[in-house]
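Here's the structure, in structure tokens; my notes come after.
What follows draws every value from the coordinates through simple rules; no lab data is involved. None of the values given here were measured: they were computed from a predicted structure. Here the Cβ positions follow ideal geometry from the backbone for every residue, glycine too, while neighbour counts run over all protein chains shown.
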Amino acid sequence: MHSANPIGVFDSGVGGLSVLREIHKLLPHENLLYVADSAHAPYGDKSKEYILERSTTIVDFFVSHHVKTVVVACNTATGAAVKEIRPTISQTIIAMEPAIKPASERTQTGVIGVLATSRTLSSNNFQILFARFADQVKIITQACPGLVEQVEHGDLNSDKTRALVAQYIQPLVSQHVDFIVLGCTHYPFLAPLIQELVGSSIAVIDSGAAIARELKSRLDRAGILAEPHHAGTVKFWSSDESGTAKQVISQLWGGDVDVNILPERVLA
């Protein structure tokens, strides 16, 4: 694998852009390919078989573009598909893990909260992670139906979004959490709103920066970090043919970007 080969990053939709921006910030010389599978979002209410099929199709797309690493910037896809896909490709796969470990290490109240999709919370991966720390801290989990859809529409601060966020954080606040872990890559785009509603005494954290650091470490150990004189590129694809993908991705990325529609073999 050559150092100039790109890195593939994907999510059920636009949420993985929160991870992509951390990767781009830490590794500005890398060529990045991003796939937002927005036509099939949210993954959180889909079956494991469906998520595995979509994830496999997107990873195959990345392999056809000769990526050197795949980042699954989706907690739901991590739980449903990574174990099955890893043995099928030669590339390293970097997967998500909610930031329960750092929250558990830093909590003062001994109580932390986790916001995530129902599928993530019920996944074997999450149950194993939960069990690792449940004897050290009290972990309050909260499924958040509807939040992914709000972010998919670029709706980060409307009355509806604010009402949903307030509804989901109330059980955590009432049990005196001092950390809220964002267990879905869509949710960091709602972090300013969440922080506003919970106040400064509660920290809101996600895994994006940690994933970027892990990616850099893996590439460095393999000797395939991009050359530092190389200016990295970022290319975007979406399965959403409605025309909203460009608008929402540009909004969340923070600048006007071109968004390609995935080829027919990947859309279905």
> For the chain, modelled as a Gaussian network with Cα springs under 10 Å, which listed residue fluctuates most, 207, 174, 55?
Replying inline: 174
> To the nearest 10 degrees, how steep is helix 159-174 against the longest Cα principal axis of the chain, on a 0 to 90 scale?
Replying inline: 60 degrees
> Given H placed 1.01 Å from N in the peptide plane, which residues other than close sequence neighbours of residue 114 have an amide H under 5 Å from its amide H?
Replying inline: 140, 141, 142, 181
>> What are the ³J(HN,Hα) couplings of region 185-191, residue after residue, when phi is run through the Karplus curve with 6.51, -1.76, 1.60 and θ = phi - 60°? Round to Hz, x for glycine and proline.
In response: 6, 6, 5, x, 6, 9, 4
> Where both residues lie in the chain, what percent of DSSP beta bridges are antiparallel, nearest 5?
Replying inline: 0 percent
> Relative contact order for region 100-206 using alpha-carbon pairs under 8 Å, separation at least 6, rounded to a whole percent?
Replying inline: 34 percent
>> Quick check for the chain: number of Lys pairs with alpha-carbon distance under 18 Å, counting only pairs 8 or more apart or on different chains?
In response: 8
>> Let me understand the chain better: what is its radius of gyration from the alpha carbons, and its Dmax, in angstrom?
In response: 17.8, 51
>> From the helices alone, meaning DSSP H stretches of at least four residues, give me the mean residue ellipticity at 222 nm for the chain, per-run term -39500 (n - 2.57), in deg cm²/dmol to the nearest 500.
In response: -12000 deg cm²/dmol
>> At 7 Å along Cα-to-Cβ for each site, give me the label-to-label distance between residue 221 and residue 174 in nm.
In response: 4.4 nm
>> Quick check on the exposure proxy: order 267, 172, 17 from fewest to most C-beta atoms within 10 angstrom.
In response: 267, 172, 17
> By how many degrees, between 0 and 90 and to the nearest 10, does the Cα long axis of helix 124-133 differ from the longest principal axis of the chain?
Replying inline: 50 degrees
>> Tell me the angle of helix 208-222 to the major Cα principal axis of the chain, expressed in degrees between 0 and 90 and rounded to the nearest ten.
In response: 40 degrees
> Size of the dipole of the chain about the Cα centre, Lys and Arg at +1 and Asp and Glu at -1 on the beta carbon, nothing else charged, in debye to 20?
Replying inline: 640 debye
> Please report, for the Cα atoms of region 100-206, the Rg to one decimal and the Dmax as a whole number; what are they, in angstrom?
Replying inline: 13.1, 39
>> How would 213, 21 line up from fewest to most surrounding beta-carbon atoms within 10 angstrom?
In response: 213, 21
>> How are the alpha carbon pair distances in region 125-268 distributed across 10 Å bins from zero to the largest one, expressed in percent?
In response: 9, 28, 32, 24, 7, 0
